[in-house]
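Enquirer: First, the structure itself, so that you have it in front of you.
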Amino acid sequence: MLSCSENEISSTEQIGTYASYFERQVLKTPNSVAIEFEGNQWTYADTNSQANQIARFLLKHGFQHDDRVGICMDRSATAIITMLGILKSGCAFVPLDPEFPKDRLAFIVDDASIQLIFCDSAYRDLYDVSGTNAPRFIDPLDTQLRDHETEDLDADIPDTSLAYVMYTSGSTGKPKGVQIEHRSLTTYCLADVELYQLRSDDRTLQFSTLNFDIAIEEIFPPLMVGSAVVVRPRERAEVFNELSHLVESNAITALHIATAYWNEWVDLLVASESSVPSTLRLVIATGEKISVEHYRRWKQHCNHEVLWCNAYGPTETTVTCTAFVPDRDWDALQMPIGKPLLHYSAHILNDHNKTVAPGETGQLFISGPALARGYLNRPDRNEQAFIHVLLDGDTEPTRLYRTGDLARWLPSGDIEFSGRVDHQMKIGSYRIEPGEIEAVLSQCEAVRESLVIGAEREGQKFLAAYVVLNQPNYSAFELASYLRGRLPVYMVPSRYIFLDSLPKTINGKIDRVALPPAETGEIPRENSYREAETELERSLSAIWSSVLNIPCVGRDDDFFQLGGSSLLVTRVIAQMAGKLDCAIPVRDFFANPTIASLSRHLASISGKTSSEIKDQDCDSLREQHEQSLKLRSKLPRIQPVSIPNRGDTLAAIFYPAVHNGVAHQNHCLVICNAYGHEHTRSARNLQQLAIQLSQAGLNVLRFEYAGTGNSSGGNDRISVDLWRSNIIAAVEYARNIAYNATHEAVKKSEVHDSSSPTTVSVLGVRLGASLIGTTPLTNIDRVILWDPIVEGDRYLALLKKHHKYELSSLTRYLNYRSAQPEQLIGYECPNAFQESLASIHLWKQTKIEARQYWVLSSQDYSELVSTESLPLLWKHQPCTDEIYWDKHGFTGRAFSSPQVSQVIQSILTKGTR
Amino acid sequence: MIETHHVFGNYENLYGIHSKSNVGSCDNASAAIPKTAVLMLTAGMLSSVGPSRLHVELAKSLSQRGLASFRFDLSGIGESLAVGSPGSSQKRAAREVQQAMDLLELEYGYDRFMLFGLCSGADDAIVTALEDPRIVCASLMDGCGYRTNRHYAGLLLRKYFPKLLSFRKWQDYLSGLLSKSKVASSTMPQGLDIREFPSQEQALREITTLIDRGVKLRFTYTSGVIDYYSYEKQFYDMFPSFKNRAEIAVSYHPQWDHTVMLREDRHQLIENVTQWFTTKAATIESETTPSNTRDDKVVCSGGRSSQASELSSYTSVYQN
């Protein structure tokens, strides 16, 4: 029945649930790897057993077919197992993206009547639990889930049960939930397996966020054929320039990728003159129209046989409904979206729902058993989108989904996409209804009227909002901030055009042709944007723009405010050397972080313009001064403070929150340093992090242990116990100073509320992390250990090895050196201190009590932080930053850690109490 | 040792620590207040603590021998915030050193300064000394250097020859070749910072200008800069006209590395520098009339003069 090549499944025919297919596969290949995640593997048997436990848990607690269960989790093996468990119970999962604003999540929970959410503990605070209808939460790692039987269930689940609900942008101002039944999911998976010739030895990368239907494509079809799904952690999603590395290092064979990412990847392959990784045999680009130019470049860089497909499909057709597989010699101006998949049918109809002739443009409709049940709670939208039409030659009407896409049949039998009938758009492969953005804008008191469009400049798509204001001085920055609190980031326009009124046609409709060009709109910057003025500024702006990957950079924009990191500084400097023929020291860049100041700096050091500079001295200096003041106002008012403890005075720097429009958190982070050369290596990084966090509304305290840095104290007294005592003193000090700082800000009316006590979180690096973990701190909100020392004796051995290497490698010294005892790589290390270091056993001695526990690890971090060895409450977040704590030759090298910094900021600013 | 931490500068973006002299205190308010202090300049991208706490230990040593000191971070380094000002890196450094001197003059009454600079700090010291007459001495470690014919022989003999004979070095080289791609890190760029040496002729002119003004200079070289300095008398081969100038002292320590990692080397360096600064300070102090006791400027426990508050927004006092 299912091996037919045409759409032969009737609307009433049983297809079976996805779970039944998966269970059959488990019986065939119980010991094959089903999921791989951060070096760990789950066999089909493991995966099935754990999913069964989740299903039994749900049934035990009274959940029934079609009940919706939320999943608010990062990508992980556990997330996949949870999805499978929910499917096996007959319930439907609803992905809840933790990146969404709280209002949006609350709407989805309410709309889908979600009573239970499988939620990573880090995301609990995204939900209001005060109402009577508030959902319950369960941590997916909760041990009570493991109390249930692991055997398959005997549940009789009709294949018309709901499998999942995926929310997409809705034109009425709220997202709409697309309901996918088991039969649709199964049908789609079978078609996918057939088209892409999935094999049991495939390794498919799970790259997409879970609320994107590409994730369905990445997870479910491969698990039907006994192949492995290799999960990439969520925080790495945007680091697409490392995609090749990820594919190669994980021997990935199959990749489903949003078109926007694929384009970027191709550009990177071209720029780095590298080839498509040889392990890949299948690449599916989906979500947006394919750039033929990119496809041509792809072919040039692909030196082996790869099945490459252009897939098309709205969420309402489960995932993909048509696909185009270009043959070896294919070339044309436009790439078609291909032919329908197995069990799908495509129809191109005119306004009267009659089939158009081949070559004529009409609206594309899809039919078949993989169509969605409809939108949840939207009967009106269902009536418009899902229609029954008596097609030519049929006796019974067929249920069709109206895609809203214009298309035509090509002589080859392929379909060519020709645009939209409405204003829906795809940006970065996200489907966006501008009406939803307009609806949110209309709720803003300052806005009288608005229109949102998609535009394109130099190949880069962006959203633009035309706005008529009620309040004359409302800025683009304020509007964007307003939207950011209510919409996903990808739905916030990047240009704002303020008009007295929207131009109208004679019929009273908005005259889109008469609108000013979108690219003339204002970019939402905290301060007004000023274009680069001179040739040099324009060149610098172009370099920054390419390095930071943002469309344009103004002359007053601060490199670090725009997301620049130390690593990116070096890229800018390298490009400046190549393109502008000027080499400057890194520290010059740090001191001149805007286009204007950097260009003035370059001009002033180039002898040829010195006379012009002199002529302009007064203006130039005044401007420089104003810029510096502006820049300074965005930076924290750092305060050196002294913390007395056990007769020592600890040197510390307090970074009060910068009140620049961001919400004040009344939250203080205490940073505990690494030791010795590792502290030196990480010092600048931590200072930058402290600045970034203070700009995000947090207070930060950095301090030095007794006998280190600028603190007092003798080396003879240092011990890990003394430093633990230092940490306790610093945390108490932080509580008080942060409270006072907030109180002070309230007095100055910079923030509104200081009534709540200060929340304190702690971050430690290397030894600092281990000290934090083993210090009896209580009432801590979040604890973050970054590359902690797990076993002190191994750490001590590492230091000794490094020290020996420094003395004998003939790199630092001209001859082999002997050295006085009790010192390691430049730092005093008395024997008693060494003994206390060796006594550290982090996970056996953990004493800290906090609300959330995090361990971050850099890419090369070799110490054991696997999820098995971590205590239950600790959440492990691997990062791609390379630091090489344990490699020779790096003991004197500073590093940047953009991803770790980003993760730390994300942990600390999400769901603050 | 009493240490006072300051945030100062035109944009309140610079951070530094003043270490008071332990000799002479509030108990002896009538004693002459030394008018000379040591200023430690930022070494490369390292914070005011210095490599392996060199600056902290040097401050302690100087304090015990009666000399006050100030160590601070240039903008964008250590704890100092990056707020830009135009001009070359060294010109900007010079302006920031001058802001530090202004603070110290206003807050503590010092009007003559002795600079200690390692690596880029040595380069910055020369530029600052040329700009500001308050600078009377400078101890420069691994400062500018220029290759001579004899240098190349020294380079081969001292750097490359021992490496050629080293089994370990060959082993490292081969393993480096094999693991090259793995070690090339995206988050640890290297080799992009640039020392800014003047031409040899310009260096000659600048040093001559300084010593003609009476500035005392002490050049110390280590094996860390063997690529341009490789034997004891190289300084005088670079600048023969300084051979008989008493204002210049030169020492070469091929056993030390660039950042004096080992305690024994560091202590030796600290002892040498302290000795040189205290000797020079004594000479300078004796050359001036000790009439100004400046009682009103003594800060014993974190107090701050009202004038200073314009420059210094926060201070914090430490007892070491």
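Just so you know, all these numbers are worked out from the coordinates, no wet-lab data involved. Everything numeric here is computed off the predicted structure, so don't read it as measured data. Here Cβ is always computed from backbone atoms with ideal geometry, including for glycine, and neighbour counts include all displayed protein chains.
Enquirer: Out of all DSSP beta bridges with both ends in segment A:78-211, state the antiparallel percent to the nearest 5.
Expert: Working: 6 of 10 bridges.
In segment A:78-211, approximately 60 percent of DSSP beta bridges are antiparallel ones.
Enquirer: Follow-up. What is the extension gain from A:Tyr490 to A:Lys847, computed as 0.36 nm multiplied by their sequence separation minus the C-alpha to C-alpha distance, in nm to one decimal? All intermediate terms of the calculation are to be shown ahead of the outcome.
Expert: Values: separation 357, 0.36 × 357 = 128.52 nm, distance 4.12 nm.
Going from the current span to full extension adds 124.4 nm.
Enquirer: Quick one: what Rg and Dmax do you get for segment A:345-398 from the alpha carbons, in Å?
Expert: Looking at segment A:345-398, its Cα Rg and Dmax stand at 12.2, 38 Å.
Enquirer: Taking a threshold of 19 Å on the Cα-Cα distance, which of the pairs A:Lys88/A:Lys875; B:Lys35/B:Lys280; A:Lys289/A:Lys461 fall above it? Mind dumping the intermediate values first?
Expert: Working: A:Lys88/A:Lys875 27 Å; B:Lys35/B:Lys280 13 Å; A:Lys289/A:Lys461 12 Å.
Long pairs (Cα-Cα over 19 Å): A:Lys88/A:Lys875.
Enquirer: Return one number: the angle in degrees, 0 to 90 and rounded to the nearest 10, between the long axis of the Cα atoms of helix A:102-111 and the longest principal axis of the Cα atoms of chain A.
Expert: So the inclination is approximately 30 degrees.
Enquirer: If I model a spin label at B:Asn272 and A:Ser200 as a point 7 Å from the Cα along the Cα→Cβ vector, what separation in nanometres do I get?
Expert: For B:Asn272 paired with A:Ser200, the spin-label model returns 7.3 nm.
Enquirer: What angle, in degrees between 0 and 90 and rounded to the nearest 10, separates the Cα long axis of helix A:44-60 from the longest principal axis of the Cα atoms of chain A?
Expert: 80
Enquirer: Still on this structure: Between helix A:792-808 and chain A, what is the angle of the helix's C-alpha long axis to the longest principal axis, kept within 0 to 90° and rounded to the nearest 10?
Expert: 70
Enquirer: In whole Å, what are the Cα extents of the protein assembly as shown along the three principal axes, biggest one first?
Expert: 115, 69, 65
Enquirer: Taking the highest mean first, how do the peptides A:376-389, A:205-218 order by number of other beta carbon atoms within 10 angstrom per residue?
Expert: Numbers: A:376-389: 14.9, A:205-218: 23.9.
With the highest mean Cβ count within 10 Å placed first, the list reads A:205-218, A:376-389.
Enquirer: Please give me the summed charge of the neighbours of A:Pro788: other residues whose Cβ is under 11 Å from its Cβ, Lys and Arg +1, Asp and Glu -1. Display every interim value, and only then the final one.
Expert: Working: positive: A:Arg766; negative: A:Asp787, A:Glu791, A:Glu863.
Once all neighbours under 11 Å are counted, the net charge is -2.
Enquirer: Another question, if that's okay. Taking every residue in A:685-691, how many Cβ atoms of other protein chains lie within 10 Å of its Cβ, on average? The partial results should precede the final answer.
Expert: On the way: counts 1, 0, 8, 1, 0, 1, 2.
The shielding value for this peptide is 2.
Enquirer: Here's something else I'd like to know. Once each part is reduced to its C-alpha centroid, what is the distance from segment A:60-136 to segment A:183-201 in angstrom?
Expert: A separation of 27 Å, based on Cα centres.
Enquirer: With r defined as the distance between the Cβ atoms of A:Asn736 and A:Leu872 and R0 fixed at 25 Å, what FRET efficiency is calculated, to the nearest 0.05? Please report the intermediate quantities before stating the final value.
Expert: Details: r = 33 Å, r/R0 = 1.32.
The formula returns an efficiency of 0.15 here.
Enquirer: How large is the dipole of the protein assembly as shown about the Cα centre if only Lys and Arg carry +1 and Asp and Glu carry -1, each at its Cβ, rounded to the nearest 20 debye? Could you put the intermediate results ahead of the total?
Expert: Details: 120 positive and 147 negative charges, 682 e Å.
For the protein assembly as shown, the charge dipole is close to 3280 debye.
Enquirer: Using mean Cβ contacts within 10 Å as the protection proxy, how do B:45-55, B:99-109 order, highest first?
Expert: Packing order, densest peptide first, comes out as B:45-55, B:99-109.
Enquirer: Let me ask another. Which whole number gives the average, over all residues in A:70-76, of C-beta atoms from other chains lying within 10 Å of the residue C-beta?
Expert: On the way: counts 0, 0, 0, 0, 0, 0, 0.
Going residue by residue through A:70-76 and averaging, the value is 0.
Enquirer: Roughly what would the spin-label model give for A:Ser481 and A:Gln144, points 7 Å off Cα along C-beta, in nm?
Expert: For A:Ser481 paired with A:Gln144, the spin-label model returns 4.2 nm.
Enquirer: What is the extension gain from A:Asp793 to A:His743, computed as 0.36 nm multiplied by their sequence separation minus the C-alpha to C-alpha distance, in nm to one decimal? Write down the numbers at each step before the final one.
Expert: Working: separation 50, 0.36 × 50 = 18.00 nm, distance 4.48 nm.
Contour length minus the Cα-Cα distance gives 13.5 nm.
Enquirer: Something else: Across peptide A:592-601, what mean number of C-beta atoms from other chains lies inside 10 Å of a residue's C-beta? Don't skip to the end; give the middle numbers.
Expert: Details: counts 10, 4, 1, 0, 1, 5, 2, 1, 4, 8.
Partner Cβ neighbours, averaged per residue: 4.
Enquirer: Collect residues whose amide H, placed 1.01 Å from N in the peptide plane, falls under 5 Å from the amide H of B:Ala68; neighbours closer than 5 in sequence don't count.
Expert: Distant-sequence amide H within range of B:Ala68: B:Ser21, B:Val38.
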